[in-house]
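Asks: To start, I am sharing the structure in question, which I have written as structure tokens.
The values are calculated or read from the model by the stated rules, or taken from the named source; none is laboratory data. All of these numbers come straight from a predicted model, not from anything done at the bench. Note that we place each Cβ from the backbone using ideal geometry, even for glycine, and neighbour counts take in every protein chain shown.
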Amino acid sequence: MLKIKMNNYFFKYIILFSLSLNLLSENIGQPGELFAIKVDINNFDETTSFIKINDSFYKLVPLSYLKQGEYVEFNNSRIFIQKKDFGESRITITNNALVNLSDQDRERTIKESSIIKKALQSYSKEMMPKFDFINPVQGIISSRYGKKRFINDSPRSPHLALDIAAPEGTTVFAPEDGKIILIGNFFYSGNFIVIDHGRGLISSYSHLSSVSVSEGDILNKGQKIGEVGSTGRVTGPHLHWTVYYEKVRINPESLIKDGYLKTLL
């Protein structure tokens, strides 16, 4: 009888020990970031995008802000997205027409959202991004990625971009090589530009006072694309900078770190 009890305790201990090892070896990442998984590219077809860091190839997996507390998977790897408190941002807009939309403005925003979604799916498979961004504008960060937003004390969608305040007319630069795939004047974004950097890496620029490029232009890193403004729904001049990877909005501030790709290893 004693022997059976000892075996049961030993069996339970082995299970708990195995679970502990799995937890310790689990991939864990932060929402809004990219997670690098080392791969053997010979095991994948050419439709899957990989990035070479040092002498190895990696798949960069975007960790969605909207999936905090959940797992994402690539091949045989699972990544747990930790929950994170990014703080909150509260703004006041005195023009009620920009907060409680009329039927006409609401219809406009729905059409514009469809246009933007279509652009995000049209990225080039020929261009290869370097993930070596520069800051697109000189200014002061006024609202960071991930903050919970409140407009006139009413909760809104989280702020999944980086706001950089700067004087009207401040030059905005392309942070990396790319191609202009969309230019428009939209209800929320004002004068708006979308750049395709290749293989699912896309960036957008909102509230510009002027645009210096045209759709289809091929850009070099550091090239002027426009100027800071206060068009669209804003409380003052700033650049609203959004970065997408494989249609997931990631943290632009991370991309301007020196040697960004190596920080992922």
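Asks: Looking for whichever is of a type in the set (Asp, Glu), closer than 18 Å to Gly178 by Cβ and in the same structural domain as Ala161 (by TED's automatic domain parsing) here; the options are Asp196, Asp258. Which one fits?
Replies: Going through Asp196, Asp258 in turn, the sole match is Asp196.
Asks: Residues that are among the polar types (S, T, N, Q), within 30 Å of Asn152 (Cα to Cα) and assigned to a loop (DSSP other than H, G, I, E, B): does the range 196-203 have at least one?
Replies: No, the conditions are met nowhere in the range 196-203.
Asks: On to the next question. Only residues in the range 21-45 that are more than 10 Å from Leu63 (Cα to Cα) count as the first member; pair them with residues that are basic (Lys, Arg) and modelled with pLDDT of 95 or more, Cβ under 8 angstrom, at least 6 apart or cross-chain, and list the lot.
Replies: Glu26/Arg78; Asn27/Arg78; Ala36/Lys59; Ile37/Lys59; Val39/Lys59
Asks: Can you tell me how many residues within the range 157-173 are out of contact with any Asp or Glu (no Cβ under 7 Å at 6 or more places or on another chain), touching a residue at least 24 places away in the same chain (Cβ under 8 Å) and either under 17 Å from Tyr245 (Cβ atoms) or in a strand (DSSP E or B) (or both)?
Replies: Count: 8.
Asks: Let me ask something additional. Within the range 116-138, is even one residue among the hydroxyl-bearing types (Ser, Thr, Tyr) and without any contact (Cβ under 8 Å) to a residue 12 or more places away in the chain?
Replies: no
Asks: From the list Ala174, Ala97, Ala161, Ala165, which residue is outside the structural domain of Asn54 (by TED's automatic domain parsing), closer than 19 Å to Leu219 by Cα and not acidic (Asp, Glu)?
Replies: Checking each option against the conditions leaves just Ala174.
Asks: Now for a different question. May I ask you to say which residue of Ala161, Ala166, Ala174 is buried (at least 18 other Cβ atoms within 10 Å of the Cβ), touching a helix residue (DSSP H, G or I) at 6+ places or on another chain (Cβ under 8 Å) and modelled with pLDDT of 95 or more?
Replies: Working: Ala166 fails: touching a helix residue (DSSP H, G or I) at 6+ places or on another chain (Cβ under 8 Å); Ala174 fails: touching a helix residue (DSSP H, G or I) at 6+ places or on another chain (Cβ under 8 Å).
Residue meeting the stated conditions: Ala161.
Asks: Okay, next question. Being in contact (Cβ under 8 Å) with a residue 60 or more places away in the chain, charged (D, E, K, R) and exposed (fewer than 15 other Cβ atoms within 10 Å of the Cβ) is the filter here; which residues of the range 91-115 pass it?
Replies: Across the range 91-115, the qualifying residue is only Asp105.
Asks: Looking at (1) surrounded by fewer than 17 Cβ atoms within 10 Å (Cβ to Cβ); (2) part of a loop (DSSP other than H, G, I, E, B), which is the one condition that is false for Ser124?
Replies: Of the numbered conditions (1) surrounded by fewer than 17 Cβ atoms within 10 Å (Cβ to Cβ); (2) part of a loop (DSSP other than H, G, I, E, B), the odd one out for Ser124 is (1).
Okay, residues lined up against (1) assigned by TED's automatic domain parsing to the domain that holds Ile218; (2) under 17 Å from the mean Cα position of the chain (by Cα); (3) among the hydroxyl-bearing types (Ser, Thr, Tyr):
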residue: Ser102; (1), (2), (3): yes, no, yes
residue: Asp105; (1), (2), (3): yes, no, no
residue: Tyr123; (1), (2), (3): yes, yes, yes
residue: Ser157; (1), (2), (3): yes, yes, yes
